[in-house]
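Structure, as structure tokens:
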Amino acid sequence: MKNNNHHISTHTAELDPRNDSLKIFVNGNIVDKSQAVVSVYDAGFMLGDGIWEGIRLYNGKWAFVDEHLDRLFGASKALDMDLGLDRAGFIKALNDTAQANNMTHNVHARLMVTRGIKDKPFQDPRLSTTGPTIVIIMEHSKPASDLMNTGIKLHTVPVVRGMPMSQDPKLNSHSKLNCILAGIHAQKAGADEALMLDPHGFVNTTNGCNFFIVKKGEVWTSTGDYCMNGITRKKVIELCKINDIPVFERNFSLTDTYDADEAFLTGTFGAQTPVSEIDGRTIGTGSAGPMTLKLRELYFELLKRTTT
């Protein structure tokens with residue numbers, strides 16, 4: 001089955017007509033897709049003042065949901081934002097939305113919380129007086145199978161993930177403008193996604209996923225100081241350690257990257273997606289290498305153990 005997007009990315013999914021008639025969770029109500037709306041005065045729409053999590057449903061169970069909620073509640077403290085629900089309330093909202101859509105497997109949920117509706121169209125967070133807005137968009141979502149053969153083409157961009165005292169990249173915030181600008185730059189250069197450096201010029205992450213390379217049997221990723229510390233990233237590092245695969249969170253440069261044996265991306269949606277090309281240089285064979293495939297197999301074995 002062909003995917004539903006002419007443009008390739010790590011979030012390219014197989015076409016599924018069931019997504020034409022979804023039901024969406026909006027502030028405690030589950031409504032038809034066409035009725036799922038929020039106010040133009042909402043802080044998320046107006047200012048990007050919100051946080052979110054992407055969570056996968058496999059075999060009727062939410063993968064690593066406790067860790068996703070840990071990150072959500074941690075971010076809410078950083079933003080001084082009332083989430084409106086406790087952990088059990090969020091899990092119930094996820095389950096109710098899945099049930100309303102008759103969803104059990106290969107499902108992707110985007111759980112979003114904003115500071116809520118503002119009294120006036122200005123920045124002051126105290127103007128959000130109605131409490132948070134909670135939305136869950138849930139889709140039948142199977143990653144496109146041909147990505148394992150074609151891989152993703154990356155282009156290194158001048159837009160960096162910034163210092164934590166400007167906008168901490170560890171926050172899964174609605175404010176993603178620097179990542180969007182990075183993606184635009186890469187697409188204008190003919191690539192699929194952007195490879196972003198950290199403020200010191202070391203290889204960091206992509207505009208949407210964490211980045212790994214493989215060199216002589218070793219797995220390298222960035223220090224994690226300037227990127228979202230993804231849960232799939234964490235699982236890959238843990239799987240390497242458990243299975244005696246040398247793994248390093250370290251500073252490395254584009255020079256190290258160009259002659260890597262393999263490169264791959266990690267994220268909740270795509271799990272592990274191979275990188276075929278970086279800045280016009282073919283990486284390895286240009287498709288998923290043996291280490292990428294091994295880690296992908298180990299990851300899905302972990303998923304199976306935790307969701308069955």
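Where a number appears in this text, it was derived from the coordinates with a stated rule and is not lab data. Since we're looking at a predicted model, the values are computed, not measured. Counting neighbours? That spans all protein chains shown, and the Cβs are built from the backbone with ideal geometry, glycine included.
Residues whose amide H comes within less than 5 Å of that of Thr206, counting only those at least five positions distant or on another chain, are Met196, Phe211 (H built at 1.01 Å from N in the peptide plane). Here the relative contact order of the chain, from alpha carbon pairs under 8 Å that lie six or more residues apart, stands at 18 percent.
Under a Cβ-only charge scheme (Lys and Arg +1, Asp and Glu -1), can you give me the dipole magnitude of segment 160-280 about the Cα centre, in debye to the nearest 20? Walk me through the numbers before you get to the answer.
On the way: 11 positive and 15 negative charges, 83 e Å.
The dipole of segment 160-280 has a size of about 400 debye.
Note down the net charge around Pro274, summing +1 for each Lys or Arg and -1 for each Asp or Glu among other residues with Cβ under 10 Å from its Cβ. Once positives and negatives cancel, what remains is 0.
Would you mind classifying segment 17-140 by shape? Square roots of the alpha carbon gyration tensor eigenvalues, ordered a ≥ b ≥ c; an a/c under 1.5 is rounded, otherwise it is prolate if a/b is larger than b/c and oblate if not. Don't jump to the answer; show the numbers that get you there.
Details: a/c = 2.46, a/b = 1.47, b/c = 1.68.
Verdict is oblate for segment 17-140.
Computed about its Cα centre, the charge dipole of the chain is approximately 340 debye, with only Lys, Arg, Asp and Glu carrying charge at their Cβ.
Secondary-structure-derived ellipticity at 222 nm for the chain, considering helices only, amounts to -8500 deg cm²/dmol, per-run term -39500 (n - 2.57) for DSSP H runs with n ≥ 4.
Along segment 184-191 the Karplus relation, 6.51 cos²θ - 1.76 cosθ + 1.60 evaluated at θ = phi - 60°, assigns HN-Hα couplings of 4, 4, 5, 5, 5, 8, x, 9 Hz to successive residues, with x for each Gly and Pro.
Could you tell me the number of lysine pairs in segment 147-307 with C-alpha atoms less than 16 Å from each other, where the two lysines are 8 or more residues apart or belong to different chains? Walk me through the numbers before you get to the answer.
Numbers: Lys153/Lys188; Lys170/Lys234; Lys215/Lys294; Lys216/Lys294; Lys235/Lys294; Lys235/Lys304; Lys241/Lys294; Lys294/Lys304.
Count of close lysine pairs: 8.
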